[in-house]
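The values are calculated or read from the model by the stated rules, or taken from the named source; none is laboratory data. These numbers were taken from a predicted model, which means no experiment stands behind them. As a convention, Cβ positions derive from the backbone with ideal geometry for all residues, glycine included, and neighbour counts pool all protein chains shown.
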């Protein structure tokens, strides 16, 4: 049983053992599956199929349909023998493997398909009844039959299954009677010619026939009522497919040999005229349609029940998860399913409902195959099915489903995929979290491993991006650092937030809880990041250790981002940590914030330029990336440079214009004359209206602490300023000149 924790939207799972005397393989899986396979399509549309596409075409349709079903059954068997399959059948399998969003995106269409299946079979029953008794009203018979089968399902699943044994006996009699029968009188030439002109195409016929082989879901959806679903689902499903295939490959031969195309197309009950005892066909068709309807109305509410219990359905629909009695019968869900089926019966017909069902079932089959294929391809230690299937068979089934869907109706396929995607996005937006694991983590791990193994040690100028390690302390107090670092990554680099805590008594559990809290807080603000909390007796030593050890393989942070020190007494320590980061070959970015304005109106960015070499290339890249972010997209980028004389100013301007043209960055050029003024005065005057200033720093040396102290003092009163020190082996000029498109 599943329950939703309302506080954190987490779906938990409570293990409830199977009830004593649960359904077995024959009664719980084989019987409902084979009776759904040998159902309304076989009796009322198989002659129509043969008449439209001929014997060879029919055998191809049967084989292709059964192949897709067989591959799907193999995938189902693999999943069913790896996990305890509970109420919900296919939905349960998908949600526990691909995640609750994927399961829900398929589970909702699957429920609709099962509910429409009830309508398909009761419409078929009504059609056959009206053919025999023309005085009856087609719609009234269909509605009354739907209510009757729903009433049977409301009583008990076991009562419904027992009723199906008698129906199976009637179907066997009808098939024996048909085999012992003979040909019918041929149609006149004009009727034959008219039938040939009006015959349907191969894929249209395929779409009408395919629901005939989807009966395997009837058994899978009863998973919660089975005594041993791990054993019963594979065995009963394969047996039903095998029996169905033999019968469906035999009947076309008899149909094609006993009647012409016109007779097969025009007469839905042609099998009755061919049979040795014609009324036996009526027993079979009525029994098959009713049993199939019962199987579907048993399965559909159980899918709905599982969706409600997992919290997939909206909160106001949670009552649909209720079950009554020791068999946990979803009576409320059954009543809702009856309403859906009654609506479809009132407005639909057999040839309209069948293709819709085909699209829904093919979508479900495709995702089931994809689920098993991914599980097997990842070869996770947790995936240990007793029934082993090579991943290529499952993937072949998934591809086959998709191809057939497009061949049947490309527009309908697109609509079905959009519907599934919409449900997936809706569930994803609700941020449902589950207490069970799924395959997605394993899939990401496989992709990450493949990527890490292919990353080269050498930086590639064409693909360089900043991967910032941000020392934030408490991120909420220094969020401007997080915002800046996130803006220069553009959600493409790897952003890590690190907090170095002085407390050495903090345990691992507390650290993990704090990391989770920070990660969730950042996610609410739209920041995608990794979080690492660690402790150290000295924060500077902790920062150095983090910068040196953090990372995986060749994937390490290449840029350190931190705030400026607020304590002049710690300038020596601060200068030393900058030098340490530089020795570790990391870019160092220090944000000296103006506490009153922070980033101001984000309208003007000033870059103080000193050439492409050294810091200049990194300055230009960071400014360009920042301006490409959403928050700074409308900002004006100004490149500023100080020269000593007017002749040098003209040369500098031409050089800058040439460089900006080559690196394809739009900026306004300001070449300023020193005229005997100190740089700090020029800086204060020229950039007073800026919202953000980029400046380079000198490489650490013997007197770096003194240099940094003076630099720190010169920044007082200025807008927020970003100090940049490029790594030792930097070649950011190459990044600018060779990169096609940094964003």
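Tell me, yes or no, whether the stretch 414-426 has at least one residue that is more than 28 Å from the chain's Cα centre (by Cα), assigned to a helix (DSSP H, G or I), at pLDDT 80 or above and surrounded by fewer than 18 Cβ atoms within 10 Å (Cβ to Cβ).
The first filter runs over the stretch 414-426 and keeps only residues more than 28 Å from the chain's Cα centre (by Cα), leaving none.
Scanning the stretch 414-426 turns up no residue that is more than 28 Å from the chain's Cα centre (by Cα), assigned to a helix (DSSP H, G or I), at pLDDT 80 or above and surrounded by fewer than 18 Cβ atoms within 10 Å (Cβ to Cβ).
Is it the case that some residue within the stretch 548-569 is surrounded by fewer than 19 Cβ atoms within 10 Å (Cβ to Cβ), touching a strand residue (DSSP E or B) at 6+ places or on another chain (Cβ under 6 Å) and in the same structural domain as residue 617 (by TED's automatic domain parsing)?
Yes, because at least one residue in the stretch 548-569 is surrounded by fewer than 19 Cβ atoms within 10 Å (Cβ to Cβ), touching a strand residue (DSSP E or B) at 6+ places or on another chain (Cβ under 6 Å) and in the same structural domain as residue 617 (by TED's automatic domain parsing).
Give the residues of the stretch 397-414 that are closer than 19 Å to residue 63 by Cβ, in contact with a helix residue (DSSP H, G or I) (Cβ under 9 Å, 6 or more places away or on another chain) and free of Cβ contacts under 8 Å to residues at least 24 places away in the same chain, sorted by residue number.
Result: 399, single match.
Quick check on residue 185: is it assigned to a loop (DSSP other than H, G, I, E, B), at pLDDT 80 or above and closer than 24 Å to residue 353 by Cα?
Values: assigned to a loop (DSSP other than H, G, I, E, B): yes; at pLDDT 80 or above: yes; closer than 24 Å to residue 353 by Cα: no.
Answer is no for this residue.
Among the residues of the stretch 288-299, is any over 28 Å from residue 321 (Cα atoms) and surrounded by fewer than 24 Cβ atoms within 10 Å (Cβ to Cβ)?
no
What's the number of the only condition in (1) surrounded by fewer than 20 Cβ atoms within 10 Å (Cβ to Cβ); (2) free of Cβ contacts under 8 Å to residues at least 24 places away in the same chain that residue 147 fails to meet?
If we test residue 147 against (1) surrounded by fewer than 20 Cβ atoms within 10 Å (Cβ to Cβ); (2) free of Cβ contacts under 8 Å to residues at least 24 places away in the same chain, just (2) comes out false.
Would you mind stating whether residue 636 is at pLDDT 85 or above and under 20 Å from residue 668 (Cα atoms)?
On the way: at pLDDT 85 or above: yes; under 20 Å from residue 668 (Cα atoms): yes.
The answer is yes for residue 636.
Can you tell me which residues in the stretch 597-613 are part of a loop (DSSP other than H, G, I, E, B) and in contact (Cβ under 8 Å) with a residue 24 or more places away in the chain? Spell out how you get there, then give the answer.
Step one: of the stretch 597-613, the residues part of a loop (DSSP other than H, G, I, E, B) are 597-603, 609-613.
Once the filter is applied, which keeps residues that are part of a loop (DSSP other than H, G, I, E, B) and in contact (Cβ under 8 Å) with a residue 24 or more places away in the chain, the stretch 597-613 yields 597, 598, 599, 600, 601, 602, 603, 609, 610, 612, 613.
Could you check the stretch 522-533 and list, in sequence order, the residues that are surrounded by 15 or more Cβ atoms within 10 Å (Cβ to Cβ) and out of contact with any strand residue (DSSP E or B) (no Cβ under 6 Å at 6 or more places or on another chain)?
522, 527, listed by residue number.
For the stretch 548-559, indicate whether the set of residues that are closer than 19 Å to residue 708 by Cα and without any contact (Cβ under 8 Å) to a residue 60 or more places away in the chain is non-empty.
Start the filter on the stretch 548-559 by keeping residues that are closer than 19 Å to residue 708 by Cα, which leaves none.
Checked the stretch 548-559: no residue is closer than 19 Å to residue 708 by Cα and without any contact (Cβ under 8 Å) to a residue 60 or more places away in the chain.
Please find, within the stretch 11-30, the residue that is modelled with the highest pLDDT out of those that are more than 34 Å from the chain's Cα centre (by Cα) and within 30 Å of residue 207 (Cα to Cα).
26
Which condition from (1) part of a helix (DSSP H, G or I); (2) farther than 17 Å from residue 726 by Cβ is the one that residue 594 breaks?
Of everything listed in (1) part of a helix (DSSP H, G or I); (2) farther than 17 Å from residue 726 by Cβ, residue 594 misses just condition (1).
Are there any pairs with C-beta distances below 6 angstrom linking a residue in the stretch 661-687 that is under 11 Å from residue 641 (Cβ atoms) to a residue that is exposed (fewer than 13 other Cβ atoms within 10 Å of the Cβ), with the two at least 6 apart or on different chains, and if so which?
674/644
All but one of (1) surrounded by 16 or more Cβ atoms within 10 Å (Cβ to Cβ); (2) assigned to a helix (DSSP H, G or I) hold for residue 545; which doesn't?
Here residue 545 meets the rest and fails (1).
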